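I have placed the structure first, in the form of structure tokens, so that the comments after it can refer back to it.
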Amino acid sequence: LLIRIPNLFGSATTSVGNRVHQTVRRAITDKAAGIIIDLRDSISGFDSEALLAAGAFVKEGGFIYDRRFQGQDETYKLAANGGQIVGTDEAGQSQVAGQADSPQSYPGKVVVLVNKHTVNSSEMLAWFLQKPGRAKVVGDLTAGALTVSGFNSDLVNGDYLAISSLRMLNLDKTPFPIRITPDVLVPDDYTSLANGTDVQLQKALETLGVN
């Protein structure tokens, strides 16, 4: 099963993370041989949506917003078997920051596809699955906006500008990597793609063990 995520921008009525849980439920029902999460050209989004989406595959995970000023740090963790996110401020006050209607836990193989246009929150989703060894990441080096969050903008030449207001930390307070380094490096090949061959997707299927 292929799950294509062009961005992680949720809304009050539509949660990308919740939709991932719904899709995973179908994969479990249909006994899918594996899942490929395609984050190529995925233009960032909300960090909470990335964590909630990851919750369909891992039961533990989270991140810390290490803000510039004392007393403003925030911690976000998966709870309730990955179907809920709890945010806690530095004063210890907690609130639910995301919730799946019907939380799922996919037991099968997972591969994540990334490229140089996989940015920020989309890089974060890949990291949440790569770090604990839950998924293999296939593709090209990502954009390199994983360690920071703040103001960001696409530039006319295709590059991405990020102006940091905070650092992203793992729950053990170690910093996030700058970018995602794929387990299986497959550079973008637009010539092959224009001719009808998606070499990155083919490698993802091979890594998944699906012919």
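The values are calculated or read from the model by the stated rules, or taken from the named source; none is laboratory data. Because the structure is a prediction, the values reported are computed rather than measured. Reconstructed Cβ throughout: ideal geometry from the backbone, glycine too, with neighbour counts over all protein chains shown. Keep in mind that these areas ignore ligands, DNA and RNA; they rest on the heavy atoms of the full protein, side chains included. Shrake-Rupley method; radii C 1.70, N 1.55, O 1.52, S 1.80 Å.
Details
- Qualifying residue in segment 113-123 (condition: assigned to a strand (DSSP E or B), under 21 Å from GLY34 (Cβ atoms) and either of a type in the set (Val, Ile, Thr) or under 16 Å from the mean Cα position of the chain (by Cα) (or both)): yes
- Close pairs from segment 71-85: first within 9 Å of GLU60 (Cα to Cα) and without any contact (Cβ under 8 Å) to a residue 24 or more places away in the chain, partner open to solvent by 50 Å² or more (accessible area, probe 1.4 Å) and not in a loop (DSSP other than H, G, I, E, B), Cβ under 9 Å, at least 6 apart: ALA79/VAL96
- The residue that is nearest to the chain's Cα centre (by Cα), counting only those in segment 173-197 that are surrounded by 14 or more Cβ atoms within 10 Å (Cβ to Cβ), without any contact (Cβ under 8 Å) to a residue 60 or more places away in the chain and in a loop (DSSP other than H, G, I, E, B), is ARG179.
- Every test in (1) at pLDDT below 95; (2) under 22 Å from GLY17 (Cβ atoms); (3) of a type in the set (Val, Ile, Thr) is passed by THR142 save one, and that test is (1).
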